[in-house]
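Below is one structure, written out as structure tokens; the observations come after it.
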Protein chains: 2
Amino acid sequence: MPRKRDPKNEGGIGLPLNESESDPDPDRAPKKFKSALGSGSGDDLPSGLDQFRPYPIHKVNRLLEPGPVLLVATGSLANKTHNIMTMGFHMMIQHEGPTLVGACIGPWDKSYDNLKKTGECVLAVPAVEMLEKVVDIGNCSGEDVDKWETFGISPVPAPDPALDSGSGDGKGAQEERAQAPLVGGEGVIANIQCTVQDQALVARYNLWVLRVIGAWINKDMDLEYGQGNQMPGDDSDSVGGGKLRKREMKMAHHRGDGRFVVDGKEVDMRDRMVKWKEFQD
Amino acid sequence: MPRKRDPKNEGGIGLPLNESESDPDPDRAPKKFKSALGSGSGDDLPSGLDQFRPYPIHKVNRLLEPGPVLLVATGSLANKTHNIMTMGFHMMIQHEGPTLVGACIGPWDKSYDNLKKTGECVLAVPAVEMLEKVVDIGNCSGEDVDKWETFGISPVPAPDPALDSGSGDGKGAQEERAQAPLVGGEGVIANIQCTVQDQALVARYNLWVLRVIGAWINKDMDLEYGQGNQMPGDDSDSVGGGKLRKREMKMAHHRGDGRFVVDGKEVDMRDRMVKWKEFQD
């Protein structure tokens, strides 16, 4: 069940700036990037970012609470220290004020050093179509191979989350700027940009408390999971925006021994959630 | 992906005493309870415990890592303070040495007070068949109703986990004795007995680090998820033991807004887990 929002923090939060799930203008987010990022590639968007669109930070529980196996990107493209790993030990800690996630990354992972140094990472939710890659990424080390190249995964230069996704906690853009790349590709459901919020339990349990500072959803992702109440042909206000096809992108959940269970049917219990209506907007 | 076991702790661990997944004697566990618990009910087992059998503590990641919505039992049957709540914010932290789980339980939950007082709880994994009850339990408070009675959930007196499930960390049975009841019923996949390991992040984030001290799996649960390589009629060494029917008990994963996704098909990637063979025993 969701955790109740903390009333004492709510006054200072406001909605994230990227609260645009029902924004009818599919160009809104991309336009902001043209000027903000000044990419030298000549494209409107940094390479690979066009596959994604901003997603409200306070709703990332909808991506993480189901318990999917994740990819984690750390380091920086600029100095070629970017690495990618697979992770199944994670949780939602707090919906907002700020949005917090827990993750176990230990010194046996190359990503641990990156995280220590930069204080940043990106959690990516892969769809089941790329599960073989996800498993293979988890069964080799960035010490030995360039996993991006080996597995054909494109790192996407980090957009500035403070500008386009809302910092939500009053901190400035400079402080919030993340450098860890997003994980690119049609098979990636979402990218969640994080900074380290608390290292108090890292030494004891390799447990990092991460603060979400930006979130990006695949433009093709059907967040209604194929069960939305849109009229045929009326997709103007859907996530994914405009004329793009929609996919029910299924998550994979690690059963702990190399077997995975894939999202099956949906059960809609929203009518019974009488105590937690605030999480259904 | 699994977290690597900590070599410096492994010497002191040994396998849990309930490592009996391949034990051909289905009566082994129950026999221990007859003498150990001295139940006055006249039954061989405490009421409701016969639905479950011990499960190896170091394998509870196979129950929690997929990210199922959970029930949490706290308090004590003896003084009628037992409560039950629903929770989706949890994670595996450490496979063993000791086995650790993270869980968010805040002061808005009645269970928070129980956990503070007793330092114990039971995490139960419900199967999708009881999802309506699970949601309803999460949408009312133990302050207002007796949720056990209202929803027809039977609390099962806590067995002594140190005796039958192995403490695994050298602590004695008295220190390990848990009082929080298990969650009874055919629709419960597993019960995981926990004590509070670390409260360092409770004040800041309501994040409890729990140590698993005992685990119980539904006797009907088919841990091969219907894809095991048993010969027809040969069920002597399967989990569930002997002549019991097997069920593929599906977990439900909360999508964060009152919608749940149910376990779908399985993808077996065990052959690709070249780095983590130790977690496939």
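The values are calculated or read from the model by the stated rules, or taken from the named source; none is laboratory data. Just so it is clear, the model here is predicted, and its values are computed rather than measured. Neighbour counts run over all protein chains shown; Cβ positions are idealised from the backbone, glycine included. Remember, those area values only see protein heavy atoms, side chains included, never the ligands or the DNA or RNA. Shrake-Rupley method; radii C 1.70, N 1.55, O 1.52, S 1.80 Å.
Results, tabulated for the structure shown:
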{"item": "Residue match in segment B:225-233 (condition: among the small types (Gly, Ala, Ser), buried (at least 17 other Cβ atoms within 10 Å of the Cβ) and either at pLDDT below 95 or at negative phi (or both))", "result": "no"}
{"item": "Residues of segment A:24-70 that turn out to be part of a loop (DSSP other than H, G, I, E, B) and modelled with pLDDT of 50 or more, as a count", "result": "13"}
{"item": "The listed residue being of a type in the set (Val, Ile, Thr), facing chain A (nearest Cβ under 9 Å) and open to solvent by 10 Å² or more (accessible area, probe 1.4 Å), out of B:Val135, B:Val128", "result": "B:Val128"}
{"item": "Extreme residue, farthest from the other protein chains (Cβ to nearest Cβ), among residues of segment B:75-102 that are part of a strand (DSSP E or B) and touching a His at 6+ places or on another chain (Cβ under 7 Å)", "result": "B:Val101"}
{"item": "Complete set of residues in segment B:158-200 that are open to solvent by less than 10 Å² (accessible area, probe 1.4 Å), in a helix (DSSP H, G or I) and at pLDDT below 55", "result": "B:Asp164, B:Glu176"}
{"item": "Segment A:249-276 - residue that is charged (D, E, K, R) and farther than 13 Å from B:Arg259 by Cβ and, of those, farthest from the other protein chains (Cβ to nearest Cβ)", "result": "A:Lys250"}
{"item": "Top-ranked residue of segment A:239-264 - restricted to ones that are open to solvent by 60 Å² or more (accessible area, probe 1.4 Å) and touching a Gly at 6+ places or on another chain (Cβ under 7 Å), ranked as modelled with the lowest pLDDT", "result": "A:Lys246"}
